[in-house]
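First comes the structure, then the notes that go with it.
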Amino acid sequence: GEGAITSDNIYDVVEDSAGNIWIATHGGGVNLLRERNMEAGHFEPLTAVAGNAPKDTFQKVRRLTLSSDGVMVASTTEGLMTFATTITTDTLQRLYFTRRSDNDLHSLYASDVTQTYISKTGDIYVATMGGGVQRMSADNLLADNLPMEPVEGIDANEGLVLSITEDTDGNLWFVREGSLNRY
């Protein structure tokens, strides 16, 4: 009903600097629980908050990654969705979409994104289903078709990268189906 979360398949939860809670669901897109609605537990689907939210796409969201300047990167089965978490007059400015493009050497290896990770140095890594890992080469995340670059030394044939994390020494760790790799 009204105010209910759009899916019980919750994959990730992130709090922004304003105290709003963003929820990634696999099947119901991104849901927003505004700080002012916490007590009432009133959830809003992204389709109600963003002016250009697609109704039937980008609904299977695996991970949410918040940049230091308040931009959310949603890793979905259809590509990346980015947006500023700043809400003015009760709506987001707009959403931006990055998908695989067969004719673009700087596009995603695959549109099915398992995770996006922002390192301590600010580099943004994107792991895709069957496609390996890329580094985003855009300074501004609020744009469509963000450019990607290959990450040297990461072999896509070693298996699917399920998760990325970083240790205190700045090494990236890639969790794969059958191994753990340090980069």
Legend entry - Filter result for the condition that a residue is open to solvent by 20 Å² or more (accessible area, probe 1.4 Å), touching a residue at least 40 places away in the same chain (Cβ under 8 Å) and hydroxyl-bearing (Ser, Thr, Tyr), over Ser163, Ser179: Ser163
Inset, instruction - Six or more apart or on different chains, Cβ under 6 Å: which pairs go from a residue in segment 1-27 that's free of Cβ contacts under 8 Å to residues at least 60 places away in the same chain and among the aliphatic types (A, V, I, L, M) to one that's in a loop (DSSP other than H, G, I, E, B) and surrounded by 16 or more Cβ atoms within 10 Å (Cβ to Cβ)? Could you list them? - result: Ile5/Phe43
Inset, instruction - With the condition kept exactly as written, say whether any residue in segment 120-143 is touching an Asp or Glu at 6+ places or on another chain (Cβ under 9 Å), part of a loop (DSSP other than H, G, I, E, B) and either within 16 Å of Trp22 (Cβ to Cβ) or among the hydrophobic types (A, V, I, L, M, F, W, C) (or both). - result: yes
Legend entry - Conditions (1) within 24 Å of Thr121 (Cβ to Cβ); (2) part of a loop (DSSP other than H, G, I, E, B); (3) open to solvent by less than 10 Å² (accessible area, probe 1.4 Å); (4) not acidic (Asp, Glu): number failed by Ser68: (3)
Inset, instruction - Examine segment 104-117 for a residue that is touching a residue at least 40 places away in the same chain (Cβ under 8 Å), buried (at least 19 other Cβ atoms within 10 Å of the Cβ), over 22 Å from Asp69 (Cβ atoms) and among the small types (Gly, Ala, Ser), and state whether such a residue exists. - result: yes
Legend entry - Index of the failed condition, Gly130 passing every other in (1) open to solvent by less than 60 Å² (accessible area, probe 1.4 Å); (2) over 15 Å from the mean Cα position of the chain (by Cα): (1)
Legend entry - Where Gly41 falls short, out of the listed (1) in contact with a Lys or Arg (Cβ under 7 Å, 6 or more places away or on another chain); (2) small (Gly, Ala, Ser); (3) open to solvent by 20 Å² or more (accessible area, probe 1.4 Å); (4) farther than 17 Å from Leu146 by Cα: (1)
Legend entry - Residues within segment 149-164 that are part of a loop (DSSP other than H, G, I, E, B), touching an Asp or Glu at 6+ places or on another chain (Cβ under 8 Å) and closer than 15 Å to Thr116 by Cα, tallied: 1
Inset, instruction - Of all residues in segment 17-32, count the ones that are over 14 Å from the mean Cα position of the chain (by Cα) and surrounded by 16 or more Cβ atoms within 10 Å (Cβ to Cβ). - result: 4
Inset, instruction - Give the residue that is farthest from the chain's Cα centre (by Cα), with candidates limited to residues of segment 62-74 that are farther than 13 Å from Trp22 by Cα and among the hydroxyl-bearing types (Ser, Thr, Tyr). - result: Ser68
Legend entry - Condition broken by Arg63, with the remaining ones in (1) open to solvent by 60 Å² or more (accessible area, probe 1.4 Å); (2) touching a residue at least 40 places away in the same chain (Cβ under 8 Å); (3) assigned to a loop (DSSP other than H, G, I, E, B) satisfied: (3)
Legend entry - Flag for Glu35 being exposed (fewer than 14 other Cβ atoms within 10 Å of the Cβ), of a type in the set (Asp, Glu) and touching a Gly at 6+ places or on another chain (Cβ under 8 Å): yes
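The values are calculated or read from the model by the stated rules, or taken from the named source; none is laboratory data. These numbers come from a predicted model, not from an experiment. Note: ideal-geometry Cβ built from the backbone for every residue, glycine included; neighbour counts use all protein chains shown. For the accessible areas, the whole protein counts, side chains as well, though only heavy atoms, and no ligand, DNA or RNA atoms are used. Shrake-Rupley method; radii C 1.70, N 1.55, O 1.52, S 1.80 Å.
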